[in-house]
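The values are calculated or read from the model by the stated rules, or taken from the named source; none is laboratory data. As the structure is a computational prediction, the values presented were derived from the model and not from experiment. Quick reminder, even Gly has a Cβ in these numbers, built from the backbone with ideal geometry, and neighbours come from all protein chains shown.
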Amino acid sequence: MKKITAIIILITGILMISIGNFDNVKEAFEINIKTTSVESKTINKNNKYIEADLKFPKLTIVNKEIENALNKKIESDVMEFYNSSFKEAQDYLDDFPDAENKFVISSDYEVKKSNDKVFSLLLKYYKYSGGAHGTYQYVPYNVNLTSGKVFTLKDIFSGESNYKQVINDEIKKQIKLLNKNQNLPEDSTQLYAFDKINDTQKFYLKDDSVVIYFDLYDIAPYVAGIPEFSIDKDVINNLLNEEYKQIIFYQP
């Protein structure tokens, strides 16, 4: 009898541990399915005018309507890049058939922030059409995963806030430090000629910051690449509107 009782107690203990572990697995699975996942899709094209290696993301999102719309937009944007580059290459090489090089283009991407509330990535385009070097451009996709909206910098701030001035001041402060590190006068425009951000300012989200960036030649020479300035949460948090205050710095 004592043996049977001991066996029953042992089995009960094992079952309780298993149920506890199942709850942990179930919780981890539920967390995982809420998070946007990303796979790569690649399209290669090679003809007399252009060589293209196009890599872009295919997203899996809980909300399938948002997933389909966003995937469609990203692929459409990549193909528009290819089509416009192909037309440019065709026009040029038909006019100059003795040109030695056909155009070379590519795309890639980098996920900057991903959780169940917000998603931020950069789609990176590169084009070489001859000369000393190619050109590249980063296109941001900052997405509210609740509404499916691709939002702008203006969208995240309160309408009454002076967010542009605050960001301008912060960028100028960082440029002074960069100049100092290059042994330049603090107010030098030799490396960075920045005045102010614009209404369509490019940015992405990363950790506890909003990263403002500029295209090639916008505020600096080619050698400076893509200038980026990280604006910390503490600098702008009180300027955000209530909707985006809840999501852009959300940590699951």
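Tabulated values for the structure
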{"read-out": "Which numbered condition ASP23 misses (of (1) surrounded by fewer than 14 Cβ atoms within 10 Å (Cβ to Cβ); (2) over 30 Å from ILE212 (Cα atoms); (3) modelled with pLDDT of 95 or more)", "value": "(3)"}
{"read-out": "Residue satisfying all of: in the range 206-229; touching a residue at least 40 places away in the same chain (Cβ under 8 Å) and within 16 Å of ASP169 (Cβ to Cβ); farthest from the chain's Cα centre (by Cα) among these", "value": "PHE229"}
{"read-out": "Hey, ILE212 within 30 Å of ILE105 (Cβ to Cβ), aliphatic (A, V, I, L, M) and outside any loop (DSSP other than H, G, I, E, B) or not", "value": "yes"}
{"read-out": "Selection count where residues are of a type outside the set (Asp, Glu) and surrounded by fewer than 15 Cβ atoms within 10 Å (Cβ to Cβ), scope the range 91-110", "value": "4"}
{"read-out": "Extreme residue, surrounded by the fewest Cβ atoms within 10 Å (Cβ to Cβ), among residues of the range 36-74 that are more than 19 Å from LYS112 (Cα to Cα) and hydroxyl-bearing (Ser, Thr, Tyr)", "value": "THR42"}
{"read-out": "Enumerated strands (runs of 3 or more DSSP E) restricted to the range 89-205, each holding at least 1 residues that are over 22 Å from the mean Cα position of the chain (by Cα), in contact (Cβ under 8 Å) with a residue 12 or more places away in the chain and within 20 Å of GLU75 (Cα to Cα)", "value": "103-114"}
{"read-out": "Hits in the range 173-202 - residues which are among the aliphatic types (A, V, I, L, M), within 18 Å of ASP218 (Cα to Cα) and loosely packed, with under 12 Cβ neighbours inside 10 Å", "value": "none"}
{"read-out": "Answer from PHE86, PHE81, PHE56 - the residue that is assigned to a strand (DSSP E or B) and either modelled with pLDDT of 95 or more or assigned by TED's automatic domain parsing to the domain that holds PHE203 (or both)", "value": "PHE56"}
{"read-out": "Within the range 172-221, tally of residues that are aromatic (Phe, Trp, Tyr) and at pLDDT below 95", "value": "0"}
{"read-out": "Residue among LYS206, LYS233, LYS154 that is touching a Lys or Arg at 6+ places or on another chain (Cβ under 6 Å) and under 25 Å from LEU123 (Cα atoms)", "value": "LYS206"}
